[in-house]
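K.L.:
If you scroll down you'll find the structure; I have some questions about it.
Read-outs: derived from the displayed coordinates by stated rules, not from any lab. As the structure is a computational prediction, the values presented were derived from the model and not from experiment. Note that each Cβ is placed from the backbone with ideal geometry, even for glycine, and that neighbours are counted across all protein chains shown.
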């Protein structure tokens, strides 16, 4: 329940303010000077901010005749705006001996300051139950990067790094305690929350360990494949060695209950009804198939080619991201699937890119497949095209 005479400030994720239950929004909060001034002042309660430092933050390298006068004007306008927003009193911002302060008569509740307090209590707590409670409280208070839309501001960027490191300590500490307690449900919730709030930071490892610990092996396999695809699709990178090592180790722990071979084979067999075109799969599966085929080539003598298909614009450059790129990428995937054979393997490698493993074919047939994809993909005077790169899958002899 919000206190009626308190200013509530959200610094994690998007910057927001509300006075009691009333959100402070509108044109005033989008004023650059107003917003910058409020952010730094409200993050430095009760210590305040020196006039010189405040001028450096607001004006940066700008050549101004009278910075003190310019700052006084901004302070005056800010006070007027706060009054119109419903903040009581004539002096919400006060100046003492060259230091600007937020008036202590108007209580401030800032999420980042609360996080700092909980974090200090957590790291110093001796009781494990209390430490876990505080770690989790801090984690769920962290709603995203500190002032995430103001990363170009030096002081905000430095604070963002500090809070990110503190969040990591809390998440890893809570995850370790939950793991030893085998509290898989809360551990899974923590992992999924951390991965959502701080993406591309390997938090999927916590979720993976929870899924394996609770025996949900199929969910763990799906998470492994989805994570690898997500990292490639959104960032064009593979998951870090740490997450791959942990997932590989955990994958080796997965066991199935005893089943007769007929039932096992039935579960392995693909349902061929209504299936057309190539086999589309996640990157980890694609990688595994590639490695298996490379081994089989040691004795089979098959001819296998790896094809990379990339969406390009009318000038031959990779398409830029956007709604049209997503639409064209989906169309290209369908064109590829309908152009290759049943036994060929397809993976969406990244934005507007597909990998195709063409099994038991020739280099000439690769050219035929390229033309077939173009026929299925290019419509009328469509300016978007496909760039192809093809390599032979050469098996290195085992020494």
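K.L.:
For the chain, give the share of DSSP beta bridges that are antiparallel, in percent and rounded to the nearest 5; count only bridges with both residues there.
P.N.:
In the chain, approximately 85 percent of DSSP beta bridges are antiparallel ones.
K.L.:
Does segment 112-253 come out rounded, prolate or oblate, given a ≥ b ≥ c as the square roots of the eigenvalues of its C-alpha gyration tensor, rounded meaning a/c under 1.5 and, failing that, prolate meaning a/b above b/c?
P.N.:
Details: a/c = 2.61, a/b = 1.22, b/c = 2.14.
Judged from the Cα gyration tensor, segment 112-253 comes out oblate (a/c at least 1.5, b/c at or above a/b).
K.L.:
Measuring from label point to label point, each 7 Å out along Cα→Cβ, what is the residue 140 to residue 269 span in nm?
P.N.:
For residue 140 paired with residue 269, the spin-label model returns 4.8 nm.
K.L.:
Moving on. Any chance you could run the full-extension gain for residue 295 through residue 94? It's 0.36 nm times the residue separation minus the Cα-Cα distance, nm to one decimal.
P.N.:
Working it through step by step, the gained length comes to 64.9 nm.
K.L.:
For helix 217-235, report the angle its Cα long axis makes with the longest principal axis of the Cα atoms of the chain; keep it between 0 and 90° and round to the nearest 10°.
P.N.:
So the helix axis and the longest Cα principal axis differ by about 70 degrees.
K.L.:
Next up: Roughly how compact is segment 282-399, stated as its Cα Rg over 2.2 N^0.38 Å to two decimals?
P.N.:
1.12
K.L.:
While we're looking at this one, here's another question. Grab the Cα-Cα distance for residue 64 and residue 240, subtract it from 0.36 nm times how many residues apart they are, and report the gain in nm with one decimal.
P.N.:
58.6 nm
K.L.:
Could you give the angle, 0 to 90 degrees to the nearest 10, between helix 128-141's Cα long axis and the longest principal axis of the Cα atoms of the chain?
P.N.:
Rounded to the nearest ten degrees, it is 90.
K.L.:
Sticking with this one: Restricting to bridges with both residues inside segment 279-392, how much of the DSSP beta-bridge set is antiparallel, in percent to the nearest 5?
P.N.:
Percent antiparallel among DSSP bridges in segment 279-392 is about 90.
K.L.:
Testing the spin-label approximation: label points 7 Å from Cα along Cα→Cβ at residue 233 and residue 303. State their distance in nm.
P.N.:
3.5
K.L.:
Report, in whole Å, the centroid distance computed from the Cα atoms of segment 289-367 and segment 52-90.
P.N.:
Distance between centres, Cα-based: 58 Å.
K.L.:
Could you tell me, in Å, what Rg and Dmax come out for the Cα atoms of the chain?
P.N.:
Final numbers for Rg and Dmax: 28.6, 86 Å.
K.L.:
Which whole-number percent gives the relative contact order of segment 7-110, counting Cα pairs below 8 Å spaced six or more residues apart?
P.N.:
Taking the mean separation of contacting Cα pairs over the length of segment 7-110, I get 35 percent.
K.L.:
If I take R0 = 41 Å and measure r between the Cβ atoms of residue 341 and residue 176 in this structure, what FRET efficiency does the formula 1/(1 + (r/R0)^6) give, to the nearest 0.05? Numbers along the way, then the final one.
P.N.:
Working: r = 49 Å, r/R0 = 1.19.
Once rounded, the FRET efficiency stands at 0.25.
K.L.:
Can you tell me the orientation of helix 283-300 relative to the chain, as the angle in degrees between its alpha-carbon axis and the longest Cα principal axis, to the nearest 10?
P.N.:
30
K.L.:
If packing is taken as the average count of other Cβ atoms within 10 Å, what order do 157-165, 283-291, 343-351 fall into, highest mean first?
P.N.:
By packing density, highest mean first, the sequence is 343-351, 283-291, 157-165.
K.L.:
To continue, here is another question. Just need the relative contact order of the chain here, percent rounded to a whole number, with Cα pairs under 8 Å and 6+ apart.
P.N.:
After rounding, I find 12 percent.
K.L.:
So what is the calculated 222 nm ellipticity per residue for the chain, using -39500 (n - 2.57) for each DSSP H run with n of 4 or more, over all residues, to the nearest 500 deg cm²/dmol?
P.N.:
The helix-only estimate for the chain comes to -17000 deg cm²/dmol at 222 nm.
K.L.:
Below 8 Å between Cα atoms, with a sequence gap of 6+, how large is the relative contact order for segment 112-253 in percent?
P.N.:
After rounding, I find 16 percent.
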